[in-house]
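In what follows, a structure is listed as structure tokens, so that the remarks can point back to it.
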Amino acid sequence: MRDMRTPMARVRGLGSAHEGTGHFWKQRVSAVAAIPLTLFFVGLVVALSGASYEQTRAVLGNPFVSLILGLTLYTVLYHMRIGMQVIIEDYIHAGWAKLSLLVLNTFFVIVLGACALYALILLALGA
């Protein structure tokens, strides 16, 4: 009982798209990478909770801090995009709705990432 497809599905080659494992690993690796980055972000927010605007800009002007925050931003947004993509692919069955939501998911992540990166760059460069 290795193959549970119908004979017609076997002939037509319908079945696994061979993409599930890749999504699984990308989701897990991005989740593991996000753990220390998110802990750094939470620690930074707690440390800067009573700081003035000038002190916060000075800390964010540090290239190391800006780099870590940029990596956190990228990792979390990438993880979010993959997770929403899997949910859309699993639960939306209409072809036009699925395609529309997948495109919106990608654009949402790009716009959110661009806005956040722009703000981080402005703070880091002291503009």
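A short reminder: the numbers here are calculations on the coordinates, not readings from a lab. This structure is a prediction, so every number in the text was calculated from the model and none was measured. Positions of Cβ are backbone-derived with ideal geometry, glycine not excepted, and every protein chain shown enters the neighbour counts.
Return the sequence-ordered ³J(HN,Hα) values of the range 86-96 in whole Hz as given by the Karplus equation 6.51 cos²θ - 1.76 cosθ + 1.60 applied to θ = phi - 60°, using x for Gly and Pro.
5, 5, 4, 5, 7, 10, 9, 9, 6, x, 5
Each residue of the range 55-64 in turn: what ³J(HN,Hα) in whole Hz from Karplus with 6.51, -1.76, 1.60 and θ = phi - 60°, glycine and Pro shown as x?
Values per residue, Gly and Pro as x: 5, 5, 5, 5, 5, 6, x, 5, x, 5 Hz.
Helix-derived [θ] at 222 nm for the chain: sum -39500 (n - 2.57) over DSSP H runs of at least 4, divide by residue count, nearest 500?
-27500 deg cm²/dmol
Separation between the F24 and F107 pseudo-spin-labels, each 7 Å from Cα along Cα→Cβ, expressed in nm?
For the pair F24/F107, the computed spacing is 3.3 nm.
Taking θ as phi - 60°, what are the ³J(HN,Hα) couplings along the range 102-114 by the Karplus curve (6.51, -1.76, 1.60), each to the nearest whole Hz, with x for Gly and Pro?
Couplings: 5, 5, 4, 4, 5, 5, 4, 5, 5, 5, 4, x, 5 Hz.
When Kirkwood radius over Cα pairs in Å is calculated directly from the model, which label among (i) 14.2; (ii) 20.6; (iii) 17.6 fits?
(iii)
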